[in-house]
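One structure is given here, and the rest of the page talks about it.
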Amino acid sequence: MKLSRLITRRKTLVTGLAAGGGLLLSGCSKELPPTYGNLLRMGDLLTYSAQRALLPGQSLVREYSHKDISSFPAIGTTNPADPGGIRYNSTQGPAYELLRARGFADWRLTIEGSVARPGSYSLEDLKRFPSRTQITRHTCEEGWSAIAEWTGVPLSFLLDAAGVLPTARFVNYYTFDAVADGIDMVDALHPQTILAYGMNGKDLLVRHGGPVRLRVEKQVGYKSTKYVRRVVVTDEFEDFGKEKLGPLQHGWSWYVGI
Ligand SMILES: Nc1nc2c(c(=O)[nH]1)N[C@H]1C(S)=C(S)[C@@H](COP(=O)(O)O)O[C@H]1N2
Ligand SMILES: [Mo]
């Protein structure tokens, strides 16, 4: 074979491989959380893959009894309307103040994105839906833990009602402070993942995320986002980089299973 033909063949082979590799890579990124090409983030990938491989996705975390309920500090944002708050959002803070002044009667939770039936629910709507009450341990990344009883509507119920499209892989949520975050479908559909409106038998207090917060019992405390106002189902991973709202912008992992 002539040298020129050999080179052409080689080129084809190399181009073919590159294309194949690209396909493989993009195939990969569909199954795994992002690493941002950042080596430090490879730990996330390992934890996530390892946990998903080793644990059945829907195993329940331990639930406690009433006598185990402990005192519970309020951490991070304790009032989204306070302009001095560490995660104050100048648009959402005042909006929260107005809603709170009317006892959250006008508050609505929206479910949108990759769903067949986007929805908007009042607090009363949520309280009419099937509820789940669970006494669980909250573990904060700062080294403390506390036990409380949470009552709310399973996120899976709202997702089923909204009709999640088959392409959907993540559930993101936005709050009344400068926070947004997300979880994958395994955690979103987990029976103990609830939108909680009650804590220890009472309405959820403002300092603990009222009127509604997420409880993601399968991950550390900061994934249990307070003051949720909007749930967005997505096909692609969102890192909230532009708005600097997500944990990744603060050097926290996106996935921290416990
Ligand atoms: N919207 C919002 N959610 C949040 C936070 C926050 O500052 N803002 N802090 C997180 C952290 S680090 C913890 S430990 C818990 C604290 O919840 P608590 O105030 O009910 O103890 O909320 C999490 N969810
Ligand atoms: Mo935390």
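With all distinct Cα pairs included, what does the Kirkwood hydrodynamic radius of the stretch 154-258 come out to in Å, to one decimal, could you say? Mind showing how you got there, number by number?
Numbers: mean 1/r = 0.0717 Å⁻¹.
Roughly 14.0 Å, rounded to one decimal.
Per Stokes-Einstein, at 20 °C and 1.002 mPa s, what whole-number D in µm² s⁻¹ belongs to the stretch 118-161, with the Kirkwood radius over Cα pairs as the hydrodynamic radius?
Details: Rh = 12.3 Å.
My calculation gives 174 µm²/s for D.
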In order over the stretch 206-220: 3J(HN,Hα) from phi, Karplus 6.51/-1.76/1.60, θ = phi - 60°, whole Hz, x for each Gly or Pro, gives 4, 5, 9, x, x, x, 9, 10, 8, 10, 10, 5, 7, 9, 5
Expressed per residue, the solvent accessible area of the stretch 149-225 in Å² (1.4 Å probe) is about 25 Å²
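Quick one: Kirkwood hydrodynamic radius for the stretch 84-176, alpha-carbon pairs, angstrom, one decimal? If you can, show how the numbers build up before the last one.
Working: mean 1/r = 0.0631 Å⁻¹.
Result for the stretch 84-176, one decimal place: 15.8 Å.
Can you divide the C-alpha Rg of the stretch 203-258 by 2.2 N^0.38 Å and report the result to two decimal places? Write out the running numbers ahead of the final one.
Values: Rg = 12.4 Å, N = 56, 2.2 N^0.38 = 10.2 Å.
Scaled against compact globular proteins, the figure is 1.22.
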Too long for a 24 Å Cα-Cα cut-off, among LYS127/LYS202; LYS67/LYS218; LYS202/LYS244; LYS202/LYS223; LYS223/LYS244, are LYS202/LYS244
Each label sits 7 Å from Cα toward the beta-carbon; between GLU142 and ASP203 the label points are separated, in nm, by 2.7 nm
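Would you mind calculating the gained length between ALA74 and LEU165 on full extension (0.36 nm times residue separation, minus the Cα-Cα distance), in nm to one decimal?
Numbers: separation 91, 0.36 × 91 = 32.76 nm, distance 3.62 nm.
Fully extending the segment from ALA74 to LEU165 adds 29.1 nm.
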The answer for TYR64, listing residues at least 5 apart or on another chain whose modeled amide H is closer than 5 Å to its amide H, is ILE135, THR136
Relative contact order of the stretch 133-208 (C-alpha contacts under 8 Å, at least 6 apart) in percent is 34 percent
Plugging the Cβ-Cβ distance of SER131 and GLU236 into 1/(1 + (r/R0)^6) at R0 = 30 Å yields, to the nearest 0.05, a FRET efficiency of 0.40
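Could you put VAL186, VAL232, VAL153 in order of accessible surface area, largest first, with the 1.4 Å probe and the full protein assembly present?
Working: VAL186 45, VAL232 20, VAL153 0 Å².
In descending accessible area the options line up as VAL186, VAL232, VAL153.
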The local net charge around THR78, scoring Lys/Arg +1 and Asp/Glu -1 for residues other than THR78 whose Cβ lies under 11 Å from its Cβ, equals +1
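The values are calculated or read from the model by the stated rules, or taken from the named source; none is laboratory data. Please read all numbers here as calculations on a predicted model, not as lab measurements. Note that each Cβ is placed from the backbone with ideal geometry, even for glycine, and that neighbours are counted across all protein chains shown. These accessible areas exclude ligands, DNA and RNA; they are computed on the full protein's heavy atoms, side chains included. Shrake-Rupley method; radii C 1.70, N 1.55, O 1.52, S 1.80 Å.
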